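To keep things clear, I will list the structure first and then write my remarks on it.
The values are calculated or read from the model by the stated rules, or taken from the named source; none is laboratory data. Bear in mind the structure is a predicted one, so any value in this text is a computation, not a measurement. Positions of Cβ are generated from backbone atoms using ideal geometry, with glycine treated the same way; all protein chains shown enter the neighbour counts. Heads up: the accessible areas ignore ligands, DNA and RNA and are worked out on the full protein's heavy atoms, side chains in. Shrake-Rupley method; radii C 1.70, N 1.55, O 1.52, S 1.80 Å.
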Amino acid sequence: MTVEEITSEVFQVPAGNVQDSCSLSDLSTWDSMSHMVFITRLEQIYEFQMTGDEIAELKTVLDAKNVLEKYGKI
């Protein structure tokens, strides 16, 4: 499952609308609860765990990809 697919699933937006630049201000369904669901899905699918700082700093789809790259997951 790709980051775009996870984003689409969690935030209930069409996958075709998901861009690297998508942020919480772009997705009306991105709130504190859905943010944690997004983190949890990323951690489940890619089998790793983010630090508290990484979670707090994750504000865009690209940020999620950068964290995954840091851990060698993509």
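Quick notes on this one:
- Pairs where the first residue, in the stretch 7-29, is touching a residue at least 24 places away in the same chain (Cβ under 8 Å) and closer than 12 Å to K59 by Cβ and the second is assigned to a loop (DSSP other than H, G, I, E, B) and open to solvent by 80 Å² or more (accessible area, probe 1.4 Å), C-beta under 6 Å, 6+ apart: S23/K59
- Those helices (runs of 4 or more DSSP H) of the stretch 1-57 in which 3 or more residues are open to solvent by less than 50 Å² (accessible area, probe 1.4 Å) occupy 3-11, 32-46.
- Test result for D63, out of contact with any Leu (no Cβ under 9 Å at 6 or more places or on another chain) and either open to solvent by 90 Å² or more (accessible area, probe 1.4 Å) or at pLDDT 90 or above (or both): yes
- Residue pairs whose Cβ atoms lie under 7 Å apart, sitting 6 or more positions apart in sequence or on different chains, and linking a residue in the stretch 49-74 that is within 15 Å of D20 (Cα to Cα) to a partner that is of a type in the set (G, A, S) and open to solvent by less than 40 Å² (accessible area, probe 1.4 Å), are L58/A64; K59/S23; T60/S23.
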